[in-house]
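Written out below as structure tokens is the structure these notes cover.
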Amino acid sequence: MTTTSLTHDPAGFYDRLGPLHYEPLWRMRGALPLEPVTAMVPHLWRYDEVRPLIMEAGDLITAEEAERRVLALKNPGTATHEVARATDTLWAAIQLVLPGEVAPAHRHTPAALRFVIEGEGGYTTVNDERYDMRPGDLILTPNWSWHSHGHTGGAPMLWLDGLDLPLSHALHTVFAEFPPAEARRPAASPAGPARTHAFPFAEMRAALEARRDEPGDPYDDILIEYLHPETSGPVMPTISAAIQLLRPGVRTAAHRHTHSVVYHVAAGSGWSTIGGQRFEWTRGDTFAVPCWVPHRHANPTNGDALLFSFSDAPVLDALGLSRESAVDEEIH
Ligand code: 1HN
């Protein structure tokens, strides 16, 4: 051993490794960054931008032809060869179902949730149980559950779809099943009381209201996680969901964590800074907080602001990869 140079290579050693499928760790960059690195960037999708676009798609294609009439919210950092994603692990999209339409039954291993934005008379069936959808309701379609959508109301139904699809792709665990056409109509079972796959908005709103006078969390103000009724844990193994009230005048402290989050504005308006960038938001807007990016939220108005959110936190918890830290000042 005569040198410590990473390029000293009199015998052409390095040039011989590639074709033989070897790579020396000592010349690799980025194998062990000191902190998480992501190509994902903070981003906000405005409802007043996406709504006319998805309505235009309503003239182009039926829900049935499209399988799902869905516009993915694609993080600008998504690589060209990758499936669209809002964060490294989470898919977010806006879906439109028009009156009388049906989105046929199918199932897949990626788990999904829907948070209703507007419309009445739409429903989702989950394993043949029918769940009516009203604005602010959360509906779950877990891993491998059959699900379809229908709409007997008179105005367009729009909702936010959240899935663990990019994570499922990264793990190469995606399976899907599309039954023959005759078996794909939504089941006609009557709407029952909300069961394990639905969380009505009215209940969550009342629960937030009951906690209005508590001190609140420094990072989230008044936040309630949706809990699985049987496990009291996250709603699904790969996705947790929450709704939070930012009371009038609240400005939260900044923090960061290894889980990534998609936020959707359920009511009111305010702003968040994400990685030092300021995003003004109002009802219907959706924004992405990639892993380890500092963020804080504010409601400078006189009214309540409500943020729905979902994240990959249960995955990181299960794997021992959850980390969180306060951030004194964001870098501007
Ligand atoms: C899906 O099945 C739905 O069932 C929505 O409504 C969005 C995005 C990717 C893959 C499957 C739905 C989806 C999806």
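Coordinate-derived values only; no laboratory data. What you are looking at is a predicted structure, and each value in this text was computed from that prediction instead of being measured. Glycine also receives a Cβ, built like all others from the backbone with ideal geometry; neighbour counts cover every protein chain displayed.
A few notes on this one:
- Mean ellipticity per residue at 222 nm, deg cm²/dmol - from DSSP H runs of n ≥ 4 across the chain, formula -39500 (n - 2.57): -3500 deg cm²/dmol
- Integer Hz, Karplus 6.51/-1.76/1.60 couplings in order for the range 207-216, x for Gly and Pro: 5, 5, 4, 5, 9, 4, 8, 6, x, x
- Residues whose placed amide H lies under 5 Å from that of Leu138, excluding near-sequence neighbours: Phe199, Phe201
- The range 93-242 shape via C-alpha gyration tensor axes, a/c threshold 1.5: oblate
- Of all DSSP-defined beta bridges confined to the chain, some 100% are antiparallel rather than parallel.
- Relative contact order for the range 21-148, counting Cα pairs under 8 Å that sit 6 or more residues apart, in percent: 19
- Charge dipole of the chain (Cα centre as origin; +1 on each Lys and Arg Cβ, -1 on each Asp and Glu Cβ, all else neutral): 220 debye, rounded to the nearest 20.
- Positive dipole terminus of the chain, leading residue within Ala112, Thr258, Thr7 (C-beta point charges): Thr7
- Stretch in the chain that is longest and holds no chymotrypsin sites (Phe, Trp or Tyr not before Pro) that DSSP places in a loop and that have at most 15 other beta carbons within 10 Å: 176-332
- DSSP loop trypsin sites (Lys or Arg not before Pro) with at most 10 other Cβ within 10 Å excluded, longest remaining stretch of the chain: 30-194
- Estimated FRET transfer efficiency when R0 is 41 angstrom, pair Ala181-His81 (beta carbons, to 0.05): 0.80
- Degrees separating the helix 47-60 axis from the principal Cα axis of the chain, which is the longest one: 70
- Taking all Cα pairs closer than 8 Å and separated by 6 or more residues, the relative contact order of the chain comes to 16 percent.
- Remark: the range 277-289, residue by residue, has Karplus-estimated 3J(HN,Hα) of 9, 9, 10, 7, 9, 8, 3, x, 6, 10, 9, 10, 10 Hz, where x stands for each Gly or Pro and the curve is 6.51 cos²θ - 1.76 cosθ + 1.60 at θ = phi - 60°.
- Placed amide H near Asn75: partners under 5 Å, 5+ positions off or other chain: Arg85, Ala86
- Put simply, the C-alpha atoms of the chain give a gyration tensor, and the ellipsoid matching it has half-axes of 38, 27, 18 Å, longest first.
- Euclidean distance of C-alpha centroids, the range 53-105 and the range 233-283, integer Å: 22
- When the GluC sites (Glu not before Pro) in the range 90-157 are filtered for DSSP coil states and for at most 13 other beta-carbon atoms within 10 Å of their beta-carbon, no site remains.
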